[in-house]
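Here the structure is laid out as structure tokens; the discussion comes afterwards.
The values are calculated or read from the model by the stated rules, or taken from the named source; none is laboratory data. Note that the structure is predicted; figures quoted are calculated from it, not measured. Counting neighbours? That spans all protein chains shown, and the Cβs are built from the backbone with ideal geometry, glycine included.
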Amino acid sequence: MTTSPLAELSAHAASLLARIDEVTTLAELTQQEPHIVGKRSILSALQKSLGGLAPEERKAAGAQLQEVRRRIDEAFAARRGVLEALARAQALEADRLDLGDVVVTQVRVPLAAGHPGIVAATQRQLEDVFVAMGFVVADGPEVESDWYNFEALNIPPAHPARGMWDTFYVDLGEPETVVLRTHTSPTQIHLMERAVLEGALPIHSVMPGRCYRRDTPDARHLAAFHQIEGLVVDRGIAFADLAGVIETFTHAYFGPDISSRLRPAYFPFTEPSAEFEITCTICRGQGCRTCSQTGWIELGGCGMLDPAVLEAVGVDGDEWSGFAFGFGIDRCAQMRHQIADMRALIDNDVRFLRQFS
Ligand code: PHE
């Protein structure tokens, strides 16, 4: 009697089921498919071998083989179902992480878009230097009456000194009574008036802000620009205190190799008055286009408070004395960053602005 080709069918079935169980990924399952349920499987080989059997035997063996094939197919399909579910779960997990990445990217792009402009950043640095020296930061209006911008500062109507400030007038009230402030000095008047009212002398304040002059913009001037004003009102204040503050500030802000110098000047609201200059940082004093070949750049003016100003705001000049200074914030930014032409500050060219982020 010949051994049936199906003698070991149940052993084959068991080993096929074990192989199916061992498969852990869909890719592996696809790769194994021909060997387990396809043309290369042992079951296909057995199917072919049935051709050598007698018809009766073939029928019985065929049915037996068919049954095993059905069980293997079923187990294979079930395994595929499990592995597909697993793959879907893994894909969902991966998607969730992808989504997280997308959110982070979307947030990052707009945040990178802006930073304080160079003038605003310079103003903050200047405030920091003066706060470290014991000053308080104060604020004042940009639209002023003639009294604050001129008269209280000892510049009466029609005084020739008014020509020092080419003024923009605001079309409000009587002609030429309301101005865009031409300097930050009117804020001195506000501070002293308030301190007198509140009995809050002494004053050690700096007042940064925007000012306007009917000037044609050039390498060193803008029609809308920024100043920082300083005001000290205290007992026994002397010119040496003013010079000391200017020198200390210059070294603190520009570095030890940049010096300051005071040159006699005239302002109606200070006496004596001086112009405050620093070494030109673009040529380091050699002389260049920006400093008109002088080696020095004028930052602003300063001086001892004029008795007429103290009187205008009601400060007792026998008890109190003081000094004031005022200089350009844009000019400081220009000198600190060696910007040859100040108009670059308002051109809004991002290639220029990005350098100061
Ligand atoms: N306000 C003056 C100007 O803008 C500068 C200055 C301020 C001078 C304080 C003296 C004292 O020209």
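Overview of values
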quantity	calculated
From 249, 267, 276, residue being among the hydrophobic types (A, V, I, L, M, F, W, C) and closer than 16 Å to residue 161 by Cα	267
Selection status of residue 5, touching a Gly at 6+ places or on another chain (Cβ under 8 Å) and either at pLDDT below 90 or assigned by TED's automatic domain parsing to the domain that holds residue 79 (or both)	yes
Selected residue [at positive phi, away from the ligand (no atom under 14 Å from the Cβ) and outside any strand (DSSP E or B)] from 351, 284, 343	284
Which numbered condition residue 221 misses (of (1) within 32 Å of the chain's Cα centre (by Cα); (2) crowded, with 16+ Cβ neighbours inside 10 Å)	(2)
Sole exception among (1) surrounded by fewer than 20 Cβ atoms within 10 Å (Cβ to Cβ); (2) part of a loop (DSSP other than H, G, I, E, B); (3) within 16 Å of the ligand (Cβ to nearest atom) for residue 298, by number	(2)
Selection within the stretch 319-340 - within 14 Å of the ligand (Cβ to nearest atom) and closer than 16 Å to residue 288 by Cβ	331
Residue, farthest from the ligand (Cβ to nearest atom), within the stretch 215-241, restricted to residues that are part of a strand (DSSP E or B) and among the small types (Gly, Ala, Ser)	224
Single residue of the stretch 270-281 satisfying the filter (outside any loop (DSSP other than H, G, I, E, B) and not β-branched (Val, Ile, Thr)) that is farthest from residue 321 (Cα to Cα)	277
Extreme residue, nearest to the ligand (Cβ to nearest atom), among residues of the stretch 141-180 that are of a type in the set (Gly, Ala, Ser) and closer than 20 Å to residue 270 by Cα	161
Index of the failed condition, residue 141 passing every other in (1) over 40 Å from the mean Cα position of the chain (by Cα); (2) assigned to a loop (DSSP other than H, G, I, E, B)	(1)
Options 249, 267: the member that is farther than 16 Å from residue 309 by Cβ and either touching a His at 6+ places or on another chain (Cβ under 6 Å) or within 16 Å of the ligand (Cβ to nearest atom) (or both)	249
The stretch 181-204, residues that are buried (at least 20 other Cβ atoms within 10 Å of the Cβ) and within 16 Å of the ligand (Cβ to nearest atom)	181, 182, 183, 184, 185, 186, 187, 188, 189, 191, 192, 203
Residue in the stretch 236-252 that is among the small types (Gly, Ala, Ser), within 16 Å of residue 299 (Cα to Cα) and touching a residue at least 60 places away in the same chain (Cβ under 8 Å) present	yes
